[in-house]
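Let me begin by handing over the structure; questions about it come next.
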Amino acid sequence: MSAHEQFADDLSLYAIGALEGDERRTLEEHLQQCPACRQELEKLRGDVALLALSVSGPKPPSRSHERLMAAIRKEPRRIPVTAARKSWWRPVEWALAAAVVIVIFLLARRNGDLRQTVSSLEATISGQQEKLMQAQQLVASLASPDSEHFTLVANNTPPQPQGKVIYSRKTGALVFLANNMPKLPPQKAYELWLIPQRGAPIPAGVFKPDARGSATVIEPPLPSGVEAKTFAITLEPEEGSSAPTSQALMVGVQS
């Protein structure tokens, strides 16, 4: 719980003068060090002041006041019990009314915050559900009997770079995993190519390995129904190329 939440109720009581004892002193010490709580206290005091102004009436003429006081002085010195009770009960009524208004104001603001939180959670859940559906569709495509597996290797000294491709011709879904990839030259990237049975190579994703030489390409925008002869990797500019501009560094073998 934050300091602002801890003192929220005490601020309301303090604003109407109903906070006493150690709680009052503790709150006053906190107010000296917390601009946010001081600002909140001023808002609460403003609400109380507006409430008081909304019920105040016009001031009577001074002559009427003098005549009334003279008539009162002529009356016997006897205070009815009901009048005495009203004299001390009226401030309590005002305090209770102000407290109710403040509580309603705080609850309304808290309700607005909760609605925003719920909306944010609903959007997050919706996005996660959409990603889950996409992942399920990808897994189903790659697990189908017509999916093909390729292993890409290079003729280098150990540790040899290696890549694994799982490709579904029916849907165009693809997952590529690489390891032991050499460090790239500046402003360069690796590009994966789908080599079809007929036609030009098709770009299948640009990637850069991490510090351990690992890289991943998941579901690039490939057309469906293309029969793959093999897959290859070339060294290209960072933004990738529409056609290979260098010799293949790694070529796939169907496994």
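Coordinate-derived values only; no laboratory data. Since this is a predicted model, take the numbers as computed values, not measurements. Cβ placement follows ideal geometry from the backbone for every residue including glycine, while neighbour counts extend to all protein chains displayed.
Of the residues ARG212, ARG198, ARG169, only one is of a type in the set (Lys, Arg) and crowded, with 16+ Cβ neighbours inside 10 Å; which?
ARG169
Within the stretch 210-255, count every residue that is part of a strand (DSSP E or B), closer than 19 Å to ASN180 by Cα and out of contact with any helix residue (DSSP H, G or I) (no Cβ under 8 Å at 6 or more places or on another chain).
Of the residues in that region, 13 qualify.
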